[in-house]
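The values are calculated or read from the model by the stated rules, or taken from the named source; none is laboratory data. As the structure is a prediction and not an experimental result, all values here were calculated from the model. Quick reminder, even Gly has a Cβ in these numbers, built from the backbone with ideal geometry, and neighbours come from all protein chains shown. In case anyone asks, the SASA skips ligands and DNA or RNA and just uses the protein heavy atoms, side chains included. Shrake-Rupley method; radii C 1.70, N 1.55, O 1.52, S 1.80 Å.
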Amino acid sequence: MKPTENLHRNAEDVADSLVAMIKKELTVYKCIGYLDPSDTSIITADDRMAIVDWCYYVADCCQFSRQIVASAMEMVDRFLCIPSQVTHDALHDQHVFQVLTVSSLCISIKMHETIAIGSNFFSKMSRGAFTAVEIDNMERTLLNGLSWRCNAPTARQVGLSILSLLLPKVDLPEVTWGFLVEEMKYFTELAVREYYFSTQRASTVALAAILIASDGLDFKPRQDFMKALSSFFVHFGFKDIDHLIVLKLKIKLASLMDDAPETVCEHDEVEDEDDTLILTSNNQCNDFGERGNRSVTGGDNMMTTLHPHHIPFRYTYTLAIQ
């Protein structure tokens, strides 16, 4: 498949969709922040990052789009901004926070994937750390708390829309468009890990990711690309202050590259099966449906059993089936 096949050709439809997404992110889908660094009793940004990494690993093991993680964490972040007993418990109890995130991931999978994974699957995967009833109950609580608004535009979606609008305006080789698309996806995936970006507009994060991606272009192509991108700023009402915010985010996003986990292309064995999330081919898990006779098992505490080398970001990898 050609890289530009990921981009839409109908500029009018894309523009209308983008206007709607920008309007929604300014009104309905907003996260004002919920972590207080001065409060040592609540979860930290590092706790959040750990479970995001775990979610990415699950998505890759199950061969799902990493988009489900962005959608799931958007729901978690927005829910935790709403004062309630459940949000208080989630912010002060690692177990509740993990159940909330797993439940959100379940919802996201149901919305975006053709094969759903039920709560029983995640209960088995946690080796009883969470029960299926806990996950089901938290799903209902989450959906009700968000008034069933659970399909917010993500930075990746906005980024693809922006690149789709720029496609007919900039004459670039197919391989260059492929580079821009993949780099934009990478940086938006990276941003999901950082609590800081959960309080920013999806369109701002998307623009920052595109700006960083454009740094890899040669001088003349980048000049043409930036000219077209500047017209986007004007047309969609991004004022000077918004431009400055984008540049600020661009710098912060770029700095995250040094902290990103290393990518592993294949993984044939594990050192400790009790502490590692692994794929096996010996047992059948019905929650996988048509994906084959595979099951997933994991350690008792998901947030402490992560191994950084298991978490792929920049390029897709294949996990060897044992």
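Against the list (1) touching a residue at least 12 places away in the same chain (Cβ under 8 Å); (2) surrounded by fewer than 20 Cβ atoms within 10 Å (Cβ to Cβ); (3) more than 21 Å from residue 52 (Cα to Cα), the condition residue 211 fails is (2).
I'd like to know if the range 21-37 contains one or more residues that are of a type in the set (Gly, Ala, Ser) and under 16 Å from the mean Cα position of the chain (by Cα).
We begin by selecting, within the range 21-37, every residue of a type in the set (Gly, Ala, Ser); these are 33.
With the extra rule that they be under 16 Å from the mean Cα position of the chain (by Cα), the set shrinks to none.
Looking for residues that are of a type in the set (Gly, Ala, Ser) and under 16 Å from the mean Cα position of the chain (by Cα), one finds none in the range 21-37, hence no.
Scanning the range 195-208 for residues that are part of a loop (DSSP other than H, G, I, E, B) and surrounded by 16 or more Cβ atoms within 10 Å (Cβ to Cβ) returns 200, 201.
Of all positions in the range 16-30, none carries a residue that is in contact (Cβ under 8 Å) with a residue 60 or more places away in the chain, surrounded by fewer than 11 Cβ atoms within 10 Å (Cβ to Cβ), assigned to a loop (DSSP other than H, G, I, E, B) and not hydroxyl-bearing (Ser, Thr, Tyr).
Scoring residue 148 on the criteria (1) part of a helix (DSSP H, G or I); (2) open to solvent by 20 Å² or more (accessible area, probe 1.4 Å) leaves a single failure, condition (1). When the residues of the range 173-194 are narrowed to those that are among the aliphatic types (A, V, I, L, M) and open to solvent by less than 20 Å² (accessible area, probe 1.4 Å), which ends up farthest from residue 29 (Cα to Cα)? Among those residues, the one meeting the criterion is 180.
Return yes or no: is residue 45 surrounded by fewer than 19 Cβ atoms within 10 Å (Cβ to Cβ), more than 25 Å from residue 124 (Cβ to Cβ) and in contact with a helix residue (DSSP H, G or I) (Cβ under 8 Å, 6 or more places away or on another chain)? So residue 45 fits the description; yes. Cβ contacts < 6 Å: first residue under 15 Å from residue 111 (Cβ atoms), restricted to the range 58-79; second residue in a helix (DSSP H, G or I) and of a type in the set (S, T, N, Q), any location; separation 6+ or different chain. Result? From the range 58-79, the pairs are 68/108; 71/108; 72/104; 72/108; 75/104; 76/101; 76/104. Hey, can you tell me all the residues within the range 104-134 that are closer than 17 Å to residue 76 by Cα, aliphatic (A, V, I, L, M) and open to solvent by less than 60 Å² (accessible area, probe 1.4 Å)? Those that are closer than 17 Å to residue 76 by Cα, aliphatic (A, V, I, L, M) and open to solvent by less than 60 Å² (accessible area, probe 1.4 Å): 105, 107, 109. Quick check on the range 261-277. Is at least one of its residues open to solvent by less than 50 Å² (accessible area, probe 1.4 Å), modelled with pLDDT of 90 or more and out of contact with any strand residue (DSSP E or B) (no Cβ under 8 Å at 6 or more places or on another chain)? Scanning the range 261-277 turns up no residue that is open to solvent by less than 50 Å² (accessible area, probe 1.4 Å), modelled with pLDDT of 90 or more and out of contact with any strand residue (DSSP E or B) (no Cβ under 8 Å at 6 or more places or on another chain). Do we have residue 72 as open to solvent by less than 10 Å² (accessible area, probe 1.4 Å), at pLDDT 95 or above and not β-branched (Val, Ile, Thr) here? So residue 72 passes the test.
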